[in-house]
Amino acid sequence: MSTSLRGRLLWSALLPIAVLAVAGATGLQWAFADAVERAYDERLGSKLDALAAGIDVEADGLPSLQRAPDEAGFARVRSGWYWQVAQGGEAVLRSRSLWDGALDAGEAPVAPRGRDAVGPAGEALRVLERRVMLAGLEVPLDLRVAGPRAGLDAEIERLGRLLWGGVVGLVLLAAASVALQVRMGLAPLQRLGEKVAAVRRGEAEALDPGGPRELADLTDEVNELLRQNGRLAERGRKRAGDLAHALKTPLALLRTRLDPADAELQDALARIDAVVDRHLAAASADARRAHARCDAAAETRRLVAMFERLHADGPVRLSLHAPASCMAGIEASDLHELLGNLVDNACRAARHEVQVRIEAGPGPLRITIVDDGPGLSDAQIDQLGQRGLRFDERLPGTGLGVAISRDIVDSYGGRLDIRRGDAGGLEVRLELPRAGAAG
């Protein structure tokens, strides 16, 4: 699936930032949790040392506690703060907070070790334990001091929220910064695309060489490509015109030698002659329209005003909807002949109204002529433009208007469509090139 260049740049910049931010936040959270647990173990270690220092051995060889560790929680039942002295797997001394409960009485290591455990009330505990051997004892003592994990976990969770909130903020800030950089970086490409579109519409003949140095070579190559295509197109048109002109004399000679009674050969020669005439007309039009331009809105207003005077006493009313100015790539005389034929046909067929609209949007110039006449069938519309063909013999005319208009439109590379309109009459849709875009 294809993606935009903007999207690729955004993802390629944001993905490493997001991965690094997540990895860094995960590492920082683990390091902080480890540091907090170490600090908590040190606090428990001081109480474990105090517990070991307060144990004495009685004359009967049993351990006794002379001085309890300094912690108010040890005296409060089920407070989460506990200490315990075990010997041979059995608890021999315990804090008041344990009451009738006990901590795990398994074998403790010689070196202090911290671990997580579950207390007598089901609470989460952090336990520090070690094994000591006192003089006068035959069996070593397992000392354990425990504290609640709730405060420890809450502190770790609070830092995690702050840390991940910072990560989200950092990624959003980086996204905004990268988006701004991408927008600024791609702005010259967007302007270049607009210039290319202007060339395609005929509003410019080449790209403006100005812009960043990185796009200068591309601009030069595109301009050279445009010039080369122009030369090739001009060369092809000239050769087609030269070929058509060269065939005129042999065709004229053949016409004098053919038997007038041979209808089949005469028809074939007429078709060849029509093709040659069309190419000669196209070559002549290409040379003429290379610099053709006129204000289509102004010329149409003059034409409509003329038809309004012609039909001033009749029932047909003309209306024009057009911008103040709209330049088209066609000679004014050709536009007059083209629209004159079409508007005249519409006025002849209309009952009450003929509408002429000019659209000045992007792309080719669009002119629409709509009448409220009886209209034609689909079969008759398909036959429109055949020279000499007329569907209403009651009205004067030669039947050449639509054919001539179509030839003019074709010579300028435009388009002429005729269809049934919403009002029942005909709707003629005309597309002409913009000034400078003819052909």
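The values are calculated or read from the model by the stated rules, or taken from the named source; none is laboratory data. On a predicted model such as this, the values are computed, not experimentally measured, just so you know. Methodologically, a virtual Cβ is constructed for each residue, glycine included, from the backbone with ideal geometry; neighbour enumeration extends over all protein chains shown.
Observations, loosely collected:
Each row is one residue, and each column tells you yes or no for (1) at pLDDT below 85; (2) among the small types (G, A, S).
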| position | (1), (2) |
| --- | --- |
| L335 | no, no |
| G340 | no, yes |
| A349 | no, yes |
| E353 | no, no |
| L365 | no, no |
| V370 | no, no |
| G375 | yes, yes |
| D382 | yes, no |
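- The strands (runs of 3 or more DSSP E) found entirely in the range 57-149 that carry 1 or more residues being exposed (fewer than 13 other Cβ atoms within 10 Å of the Cβ) are 90-94, 113-118.
- Only one of the numbered conditions (1) surrounded by 17 or more Cβ atoms within 10 Å (Cβ to Cβ); (2) modelled with pLDDT of 85 or more is not met by R309, and that is (1).
- Criterion applied to E205, E224 was being under 33 Å from the mean Cα position of the chain (by Cα), modelled with pLDDT of 70 or more and either hydrophobic (A, V, I, L, M, F, W, C) or assigned to a loop (DSSP other than H, G, I, E, B) (or both), and the one residue passing it is E205.
- Test: residue in the range 345-352 that is over 41 Å from the mean Cα position of the chain (by Cα), of a type in the set (D, E, K, R) and under 17 Å from S411 (Cα atoms): no
- Boolean, A423 is within 17 Å of R357 (Cα to Cα) and modelled with pLDDT under 85: yes
- For the range 125-144, the set of residues classified as closer than 21 Å to L62 by Cβ, touching a Leu at 6+ places or on another chain (Cβ under 8 Å) and among the β-branched types (V, I, T) consists of V132 only.
- When L62, L28, L10, L20 are screened for being in the same structural domain as R113 (by TED's automatic domain parsing), at pLDDT below 85 and either basic (K, R) or over 30 Å from Q87 (Cβ atoms) (or both), only L10 passes.
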